[in-house]
Amino acid sequence: MGKFERVLALPPERIPEHVAIILDGNGRWAERSHRLRAQGHHAGADNVETITYACMDMGIRYLTVYAFSTENWKRSKDEVSYLMLLLKQYLLKYKKTAIAKKIRVRVIGDLSGLSEDLRELVLDVEEATKDLTAFNLTFAINYGGRDELVRAVRGLVHDGVSEEEITENKISGSLDTAELPDPDLLIRTGGELRISNFLLWQCAYSEFYFTDILWPDFGEPDLENAILDYAGRERRFGGRKK
Ligand code: IPE
Ligand code: IPE
Ligand code: MG
């Protein structure tokens, strides 16, 4: 059977345009194999690349990955610094690949909370890939859905937006995700059944897919299974078929 044959046989409209992933379980993956949590994060970062290319090959247009939440600062100093180092290394290494594969890279989240060098790197990669259109890869870093809404509302108040001008579109357009369609499919690996402050506004009508597989183990066949599951669902958006 050819690669992704089962997914590629689907009618194109059954393939999600935007997949968002809460990549959870790096720590448990490491513990399970008697490695350091840092090694789990390293393996998790490598897997982002694998899953990105798989999404591209399946005809998905947008992938958004939750890499660091506004709550993840509560972890040990060592783990936080390692995660920040990993993000830096990853973006640095990834810039060339993204350009070669024509992937537009974006970062959502509160950049003002990041170190200056990471912030500069983010802006640099975003700028270097801003005209690329083969695929859209977005990293959520220092991201929280509530924090994003607070920043958006502050921006609107700052701009003197009037009561009548407040609409759903206005709010959507003020979020970090203004340029992205809402996720069609939200995947969470690692077995927890919660959203952990990810894309709260944007997930209003997303389909959810939870799996016990730990993120570093979540491979191409697992992504295929998630897409096939999604393809079998009926999305009603509150309406009914006649
Ligand atoms: C997800 O893995 C990665 C981040 C939150 C940065 P975890 O580190 O949360 O892994 P578990 O949940 O402890 O296994
Ligand atoms: C969610 O995972 C955040 C990311 C994947 C970046 P967590 O491991 O931080 O979530 P909780 O604490 O289990 O809700
Ligand atoms: Mg976790």
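Bear in mind these aren't lab numbers, they're just calculated from the coordinates by the rules spelled out. As the structure is a prediction and not an experimental result, all values here were calculated from the model. Cβ atoms come from the backbone with ideal geometry, glycine included; neighbour counts cover every protein chain shown.
Observations on the structure shown:
- Set of aspartates and glutamates with alpha-carbon distance to K101 below 13 Å, sequence-local pairs under 8 removed: E49, D57, D131
- Take 187-199, 155-167, 18-30 and order them by the average number of nearby Cβ atoms within 10 Å per residue, most first; the result is 18-30, 187-199, 155-167.
- Translational diffusion of the chain was estimated from the Stokes-Einstein equation, with Rh taken as the Kirkwood radius over Cα pairs; at 4 °C and 1.567 mPa s the coefficient is 69 µm²/s.
- Taking Cα centre as origin and charging only the Cβ of basic (Lys, Arg, +1) and acidic (Asp, Glu, -1) residues, the dipole magnitude of the chain rounds to 460 debye.
- FRET efficiency for T50 and V150, using Cβ-Cβ distance with R0 set to 30 Å, rounded to 0.05: 0.30
- Here the stretch 134-236 is treated with +1 on each Lys and Arg Cβ and -1 on each Asp and Glu Cβ, and its dipole about the Cα centre works out to around 240 debye.
- With a Förster radius of 35 Å applied to the C-beta separation of E164 and K102, the computed FRET efficiency comes to 0.25.
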